[in-house]
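What follows is a short report on a single structure.
The values are calculated or read from the model by the stated rules, or taken from the named source; none is laboratory data. Values in this document were obtained by computation on a predicted structure and should not be read as measured data. Don't worry about glycine lacking a Cβ; one is built from the backbone with ideal geometry, like all the others, and counts go over all protein chains shown. Heavy atoms of the whole protein, side chains included, go into the accessibility calculation; ligands, DNA and RNA do not. Shrake-Rupley method; radii C 1.70, N 1.55, O 1.52, S 1.80 Å.
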Amino acid sequence: MKKANSTKLIFLVVILSLALIQSAIAQKQNFIPYALKAAEVQYKNAVKEYTDYHKFPRSTKPDGSLYTVKSSDWCSGFFSGSLWLLYDLTKDDFYKVAAKKWSVGLEKEQYNKTTHDLGFMMYISFGTGYKLIGDTNYKQIIIQSAKSLATRFHPKAGAIRSWDFGPWQYPVIIDNMMNLELLFEASRLSGIDAYKQIAIKHADHDMQNHFRKDFSSYHVVDYDSITGVAIKKQTNQGFADESAWARGQAWGLYGFTVMYRYTKDKKYLEQAEHIAAFILNHPNLPKDKVPYWDFNDPKIPDTYRDASAAAIIASALLELRKYVGKEKSTLYFKTAETILTTLSTPEYVADSGNGNFVLKHCVGNWPKGKATGEIDAAINYGDYYYLEALLRYKKAIQEHTK
Ligand code: GLY
């Protein structure tokens, strides 16, 4: 009799513990419906209100009004990219129809050889769409965009040229790591190996020249256009040449994670892990894991957070966790979860106004100043990476509970 009672008790304790674990998981995930509801309201409004398909919604101006750009702007692809992600998250055809409409005006940029940002412009839009609907026209656009981007590769510098403006000879910025996914995918879709090789050479040069000993990165490296030697290391959007601009660190983390995804070369994985360690161990990273716009702004904590950097870091960590051992994987997952929990609150998420964007409090280009620098604004890439991180988190939870 006694034995039967104690077995019952053990059984009850196990059931209770399982229920508590389930409820803790459910509570943690509460931010997904909250964030999705807000995103759906905002993007449904945006699709209804914005009807000129050649004026791509980019951000909010200081007076709260919408700032739109032409298809040649580096941010032109994020709006349709976010619509594709919402289609993936909700399976609601409304977003698919809208994403297709907002892609047509971008098509001509596949021939644009004057920018390194074709990955952002064309892969975020057509690449995200292609994964969902497999449209053969999108496939050709991805391949042609890679062909255009490849023309900007200089074999001596071993890198793709970033900007055609400014005081530099051959500027390459850390952000450019984000354009390599386009080259890898175009290689896979076309069988043309050269695009992949360019991506690898570019990443190798970045590893050599963009990083400091602590694995923080410089924003801009200028190469001698004849010898290919790195001659200057500076910032354009950060606080100072020697500071760690938060979004630049996020681009590096995401970029090297993608390098490992396509090559399985351990050196890229190690690089991504080192960058993650720099970010996660930084004394100026707040407890809620949403970084200030620059890790070295002396005004911290009386300065701006950059929600876009937080979203990019969360999304990157949710991929990187798949490639590392259990301890690090848990750390990356928990950090991404903390970021998403922090962002998915009224402090960071809007369900009205905000130019119909979801995320608030992003910093685009602080040195430009409040009038034009998109400081403490809603910016479309913040939304894109926030939605991507939510999607990755949702998939991770689904896999875990299968
Ligand atoms: N150029 C990309 C960025 O501002 O992060």
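Numbers below:
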quantity: Residue pairs, from the table Lys213/Lys233; Lys108/Lys139; Lys70/Lys96; Lys113/Lys368; Lys156/Lys201, whose Cα atoms sit over 18 Å apart; calculated: Lys70/Lys96; Lys113/Lys368
quantity: For Thr303, net neighbour charge (Lys/Arg +1, Asp/Glu -1) across residues whose Cβ lies under 9 Å away; calculated: -1
quantity: Packing rank of 316-322, 61-67, where each peptide gets the mean count of other beta carbons within 10 Å, highest leading; calculated: 316-322, 61-67
quantity: Where labels lie 7 Å past Cα in the beta-carbon direction, separation of Lys8 and Asp164 in nm; calculated: 8.1 nm
quantity: Computed FRET value (nearest 0.05) for Lys232 with Leu280, which takes r as the C-beta separation and R₀ as 41 Å; calculated: 0.90
quantity: Karplus (6.51, -1.76, 1.60) ³J(HN,Hα), θ = phi - 60°, over the stretch 162-168, in Hz, Gly and Pro reported as x; calculated: 7, 10, 9, 10, x, x, 8
quantity: Nearest-ten-degree value, helix 193-209 long axis tilted from longest Cα axis of the chain; calculated: 90 degrees
quantity: Mean Cβ count within 10 Å, highest first, over the residues of peptides 284-295, 240-251; calculated: 240-251, 284-295
quantity: Gain on full stretching of the segment that runs from Lys368 to Lys334 - 0.36 nm per residue minus C-alpha separation; calculated: 8.8 nm
quantity: Residue-by-residue Karplus 3J(HN,Hα) for the stretch 69-85, coefficients 6.51, -1.76, 1.60, Hz, glycine and proline x; calculated: 9, 7, 5, 7, 6, 5, 9, 5, x, 6, 5, 5, x, 5, 5, 4, 5
quantity: Rounded to the nearest 20 debye, dipole of the chain from Cβ charges on Lys, Arg, Asp, Glu; calculated: 1300 debye
quantity: Accessible solvent surface per residue of the chain, calculated while the other protein chains remain in place, 1.4 angstrom probe, Å²; calculated: 43 Å²
quantity: Per-residue SASA entry for His274, accessible area with 1.4 Å probe, Å² rounded to 10; calculated: 80 Å²
quantity: Surface share of carbon and sulfur [accessible, 1.4 angstrom probe, percent] for the chain; calculated: 56 percent
quantity: Cβ-placed point charges (K, R +1; D, E -1), dipole of the stretch 174-278 about Cα centre in debye, nearest 20; calculated: 200 debye
quantity: Expected 222 nm ellipticity per residue - DSSP helices of 4 or more, -39500 (n - 2.57), all of the chain, to 500; calculated: -17000 deg cm²/dmol
quantity: Calculated FRET value between Lys156 and Lys131, using beta carbons and R₀ = 30 Å, to 0.05; calculated: 0.30
quantity: Protein-only accessible surface order, largest first, of Met121, Met207 at 1.4 Å; calculated: Met207, Met121
quantity: Tilt relative to the chain, helix 180-190 - C-alpha long axis, 0 to 90 degrees, to 10; calculated: 90 degrees
quantity: Lys/Arg +1, Asp/Glu -1 at C-beta; the chain dipole; positive extreme among Ala98, Leu320, Ser145; calculated: Leu320
quantity: Using alpha-carbon coordinates, inclination of helix 246-263 to the longest axis of the chain, degrees; calculated: 90 degrees
quantity: Zero-based 10 Å bins, Cα pair distances in the stretch 97-174, whole percents; calculated: 18, 46, 24, 10, 1
quantity: Efficiency of FRET from Cβ geometry, Lys326 and Asp92, R₀ 41 Å, rounded to 0.05; calculated: 0.65
quantity: All lysines inside 22 Å of Lys289 as judged from Cα atoms, apart from same-chain residues fewer than 8 positions distant; calculated: Lys28, Lys299, Lys322, Lys326, Lys328, Lys334, Lys360, Lys394, Lys395
